[in-house]
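The next block holds one structure in the form of C-alpha cells; read it before the comments.
The values are calculated or read from the model by the stated rules, or taken from the named source; none is laboratory data. As the structure is a prediction and not an experimental result, all values here were calculated from the model. With ideal geometry, Cβ positions are generated from the backbone for all residues, glycine too; neighbour counts draw on all protein chains shown.
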Amino acid sequence: MAVGREQVKSKAERAATPNVEKGARDQRRRSMSGTSLMASFALALLAGGQAPVQQAPATPSMAEKKLADGTTAEERANTARLNAEQAARAQTDNIIYTQEVSAAQQQVAHDQQVFADETAAYEAEKARVAAMSAEERMKWEADVAACKAGDTTRCAAPVKETPR
C-alpha cells in the first residue's frame, strides 16, 4: 500500500500548522451546529404552520432611545416607580416609628405617674405610722410621769419574771 506525500505529514509539518487543522475542525462544528439549528427552526415552522415574518430592523422607539445621561425612558420610568415604592415604604416606616415613640413616651409617663402615686401612698402611710407612734409614745411618757407622781392607776402592771 503506497502512501502519497500529501497524505503523510511529519511532526514538524503538523507542529507548524496546528491552527489550520483546528480552524477546520471548528468550522465543521459550526456548520453542524448551524445545520441542527436550521433543522430545529424548520421543525418549528412545520409545527406552527406559519412562517415567521421577517421584519426589517426598525428604528429605535422612544422607549429604546438613549437620553443624554445614557438611560432610556423605560429605565427612567422604572427608576421613578422604584423610588416611589421605596418612598412609600419609608413613609410607612416613619409613621410606625413615630407611633412606637409616642407609645413609649406614653408608657414612660404612665410608669412615672404610677411611681409618683405609689411613692405618695408610701409617704402618707409612713407619716401616719410616725404620727401614731409619736402619739402612743407621748401617752406612754405621760403615764410614766403620772406613775412617778403617785397615780398608780396609770402605772403599768408589773412584769412577771419567768424562770430560766
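I'd like to verify a number: residues in the range 110-158 that are in a loop (DSSP other than H, G, I, E, B), exposed (fewer than 10 other Cβ atoms within 10 Å of the Cβ) and free of Cβ contacts under 8 Å to residues at least 12 places away in the same chain, how many? The qualifying residues number 3.
Is it true that some residue in the range 82-91 is without any contact (Cβ under 8 Å) to a residue 24 or more places away in the chain, of a type in the set (A, V, I, L, M, F, W, C) and in a loop (DSSP other than H, G, I, E, B)? No - not one qualifying residue is present in the range 82-91.
Given T79, T35, T71, T92, which one is surrounded by 10 or more Cβ atoms within 10 Å (Cβ to Cβ), β-branched (V, I, T) and at pLDDT below 55? Every option except T35 fails the conditions.
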